[in-house]
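Shown next, in structure tokens, is the structure this report addresses.
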């Protein structure tokens, strides 16, 4: 009898957990959403909510029209770039259009900073002779280029638009997520990272 009651209790608990998990979810279908695209951004892809600017490791949330950047261990939110990025030219910056399915990508920053390190595109694309790459589209899994129409439009908006919006935090800071191991841990030295025997012998002769 005790075994039967315990089994019933366990089944009830399992049903409760499954029902709760079904209610709490961060996934959503936003492909029909249309957000206002800033003047400095590339052509808008329906459903896209976030851009990533790898050169300054900053995100842009089109839904809230906010920049999201890491400062003093927390993610801060502002409608303008912070003063220490004031020299960054948004109109000529490299932009990664993030997958439609991602939510709050800055909370998983280690993946983006690893996949898109600062200025990685300069050697990746310049070595192939393509110097017109403006960014990368995760949805189509390929880079996209500047067009003359885009260049003309962004130049006109930059020259005529008001870019002197006062800087201020738009909402409270958000603590960062860390998954352990990779961040703050010693780098594992791979065989290709070691000094080869020939270089080692030359060093000894010196």
Go through the range 75-98 and give me each residue that's farther than 25 Å from residue 160 by Cβ and either modelled with pLDDT of 95 or more or under 10 Å from the mean Cα position of the chain (by Cα) (or both). 75, 76, 77, 96, 97, 98
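Quick one: which residue in 83, 105 is closer than 18 Å to residue 71 by Cα and surrounded by fewer than 14 Cβ atoms within 10 Å (Cβ to Cβ)? Quick ask: steps written out before the conclusion?
Numbers: 105 fails: surrounded by fewer than 14 Cβ atoms within 10 Å (Cβ to Cβ).
Criteria check complete, one pass: 83.
Report whether or not residue 40 is touching a helix residue (DSSP H, G or I) at 6+ places or on another chain (Cβ under 6 Å), over 26 Å from residue 175 (Cα atoms) and at pLDDT 85 or above.
yes
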Only unsatisfied item for residue 95, checking (1) under 14 Å from residue 41 (Cα atoms); (2) surrounded by fewer than 17 Cβ atoms within 10 Å (Cβ to Cβ), is (2)
A careful count of residues in the range 83-121 that are outside any helix (DSSP H, G or I), within 20 Å of residue 63 (Cβ to Cβ) and out of contact with any helix residue (DSSP H, G or I) (no Cβ under 7 Å at 6 or more places or on another chain) gives 8
What strands (runs of 3 or more DSSP E) completely inside the range 35-82 contain at least 3 residues that are within 18 Å of residue 116 (Cα to Cα)? 50-53, 58-61, 66-71
Return yes when residue 156 is in a helix (DSSP H, G or I), modelled with pLDDT of 75 or more and exposed (fewer than 13 other Cβ atoms within 10 Å of the Cβ) and no when it is not. yes
Examine the range 178-186 for a residue that is under 23 Å from residue 98 (Cα atoms), within 22 Å of the chain's Cα centre (by Cα), part of a loop (DSSP other than H, G, I, E, B) and at pLDDT 65 or above, and state whether such a residue exists. no
Taking the stated definitions as given, is residue 136 touching a strand residue (DSSP E or B) at 6+ places or on another chain (Cβ under 6 Å) and under 30 Å from residue 71 (Cα atoms)? yes
Failed item, numbered, when residue 174 is tested on (1) farther than 26 Å from residue 46 by Cα; (2) part of a loop (DSSP other than H, G, I, E, B); (3) modelled with pLDDT under 85: (2)
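Can residue 117 be described as more than 24 Å from residue 154 (Cα to Cα) and modelled with pLDDT of 90 or more? Break it down stepwise before answering.
Details: more than 24 Å from residue 154 (Cα to Cα): yes; modelled with pLDDT of 90 or more: yes.
Against the criterion (more than 24 Å from residue 154 (Cα to Cα) and modelled with pLDDT of 90 or more), residue 117 qualifies.
The values are calculated or read from the model by the stated rules, or taken from the named source; none is laboratory data. All figures in this text were calculated on a predicted structure; none of them were measured in a lab. Every residue, glycine among them, receives a Cβ derived from its backbone with ideal geometry; neighbour counts consider all protein chains shown.
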